[in-house]
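The values are calculated or read from the model by the stated rules, or taken from the named source; none is laboratory data. Here the structure is a predicted model, which is why all the values come from computation and not from measurement. Note: ideal-geometry Cβ built from the backbone for every residue, glycine included; neighbour counts use all protein chains shown.
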Amino acid sequence: MSHAGRSSATRGEPAASRPGRRSVLRGAAGLGAAGLAAGFLAGEAAAPGAGAAPREDTAPQAAALAAHEPVVAHVHDARNGTVDLFAGTRHVRVSDRELAARLARAARSVRSV
Amino acid sequence: MSSHREAPGISKDPVADSTDVYAFVSPDQPGTVTLIANYVPLQAPAGGPNFYEFGSDVLYEIHVDNNGDGRAEVTYQFRFRTDVRDKNTFLYNTGPIHALNSHDWNRRQFYSVTRIDGGTNAHALGSGLACPPCNIGPLSTPHYPALAAAAVHDLGGGRRVFAGQRAEGFYVDLGSIFDLGDLRPFASAHAHYGLAKYPVNGPGVNATKNLNVHSIALQVPISDLTRDGWAGAVVSDPRAVVGVWTSASRQRVRLFDAERATILSSGPFDQVSRLGNPLVNEVIIPMGSKDYWNTQAPADDKQFASYVARPELASLLPSLYPGVFPHLAALNASGKPRADLEAILLTGIPAGLISGFQNYTGATEADMLRLNTAIKPTATPSIYGLLGGDLAGFPNGRRVWDDVVAIELRAVAGATHALVNKSYTPDAAASAVTDGLTPADLDVPYLRSFPYLGVPHSGFAVPAS
């Protein structure tokens, strides 16, 4: 019986901490709590297991994640509205033209820090 | 080198650079296999005040394939954390470090070991395990051997683990090899491009003689690794053979937070380094594919098989040493794939080619160290392993003292081609070519017991490397 692909890591993350569907959803909710993606919660998650809207997560869970983990958004394709979100050991790709557009606008408008 | 700085990308990331992997039936515990994965290459022992350490942001893994598909049925994961006692001193230690819990040791590392079965089932084998300090000198790290020995941790069930600094045990004349293959013992036969800069034969110079490395060493019962927990004595049994490789992975996103002066990591872990057989990515894979090779799994190595079948180095040898390798030149000109090298490096050696030996894992072409666990250690090992008639040595797994440079040079030069082509007569030089080094060219001896690699050089004793 065959198992691991490239390595246990390359399929995503250490198996010990591989997220289930709920943890992926928590990551998405955490993004909203971090204030990066108003409108993201209604977006369509393309990652496996993340198709349902993450509204079921509670605010304290989201806040806890935001407090401990960096959340990184990468606009993969502004034209198609695909945005890669990284939090903890998770990576989800969402299709949200509005989010991509807002991030692009924000990147153009904000002052350098 | 074996795999030190072997690819452009990983050469800039030494903490994640897999440099050597060893897998052998433990000579003093023949019911066990010892797996050693080395990282952080070319450490100058006096490299303070920030001495070398593992990456707390790197996922280190040792993989074992026991069914020949080039994928891991067993993976051991190692994760490190760094604790700083006092952030208000610039010192690694504020006094002699007499013990692993010394209050005078300011910057310590601890790690966890997790076994993954079938890619999904995780079992914690240990956590909060202490690394030893680096070997700084007689004032900072007195009684270093005993201090490091205390960092050998019993995981239960006959399993032991060690993670920390060791003396580099891989010996190689880098200076000559990468000066256009001007092997010092054969310098007078080198073409020298008309320059004749070094026309006199001489002994090899070990470029790693006074350097250290960081090792992760694990000793486990043979049955922990083999299919169905097999631990028999029948060499021909396919279950006797396991494939071993290591990897290092980093999270997909790294962000430098200048306000906090720290690097934030996020996202899934992606493989940035791997190592099975020594020197494959170093001298077999071309520069344009090296970084990509590091991201791939052994199961997907068919895409690189042509480089093994027609290695660039084999075509270079007759040019670099005119008239010395005429049979190899003819073999190269024939265009025939090097089935001997494909067997040694990608599939294992089938039964019937070498009396009493096989380490064949099937048709899947995968770069792994292949160890037949039914072959017991010998009391009189040869550093040339199989080429020296020692079935317990490379390329049957790899022991710390095996001269993998000479073995692979000789194999590429044609010394092993007669195994698959009885009509081929190797050139006389093929069984003699070497960079001129042996374990005697190391200042620090190997240990007779786990973790086998020698006590690291101290910064005080080796102030310049």
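Structure data summary
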item: Contacts under 9 angstrom Cβ, first residue in the stretch B:69-92 being within 14 Å of another protein chain (Cβ to nearest Cβ), partner among the basic types (Lys, Arg) and in a strand (DSSP E or B), 6 or more apart; result: B:VAL74/B:ARG115; B:THR75/B:ARG115; B:TYR76/B:ARG115; B:GLN77/B:ARG115
item: Residues of the stretch B:266-316 classified as within 14 Å of B:ALA366 (Cβ to Cβ) and in contact with a His (Cβ under 7 Å, 6 or more places away or on another chain), total; result: 0
item: Count of residues meeting criterion [over 24 Å from B:PHE24 (Cβ atoms) and in a loop (DSSP other than H, G, I, E, B)] in the stretch B:329-351; result: 4
item: Residue tally, condition part of a helix (DSSP H, G or I) and without any contact (Cβ under 8 Å) to a residue 24 or more places away in the chain, over the stretch A:73-106; result: 4
item: Leading residue by the ranking (surrounded by the fewest Cβ atoms within 10 Å (Cβ to Cβ)) among those in the stretch B:261-306 that are within 13 Å of another protein chain (Cβ to nearest Cβ) and aromatic (Phe, Trp, Tyr); result: B:TYR292
item: B:ALA258, sole failed condition from (1) away from chain A (no Cβ under 14 Å); (2) modelled with pLDDT under 95; result: (1)
item: Within the stretch B:121-136, tally of residues that are in contact with a Pro (Cβ under 9 Å, 6 or more places away or on another chain) and surrounded by fewer than 19 Cβ atoms within 10 Å (Cβ to Cβ); result: 1
item: Per-region count, the stretch B:324-346, residues crowded, with 23+ Cβ neighbours inside 10 Å and β-branched (Val, Ile, Thr); result: 1
item: Criterion (touching a residue at least 24 places away in the same chain (Cβ under 8 Å) and among the small types (Gly, Ala, Ser)) met by exactly one of B:ALA379, B:ALA343; result: B:ALA343
item: B:THR434 vs. criteria surrounded by fewer than 21 Cβ atoms within 10 Å (Cβ to Cβ), in contact (Cβ under 8 Å) with a residue 24 or more places away in the chain, touching a helix residue (DSSP H, G or I) at 6+ places or on another chain (Cβ under 9 Å) and of a type in the set (Val, Ile, Thr); result: yes
item: Condition met for B:ALA440 (modelled with pLDDT of 95 or more, in a helix (DSSP H, G or I) and surrounded by fewer than 20 Cβ atoms within 10 Å (Cβ to Cβ)); result: yes
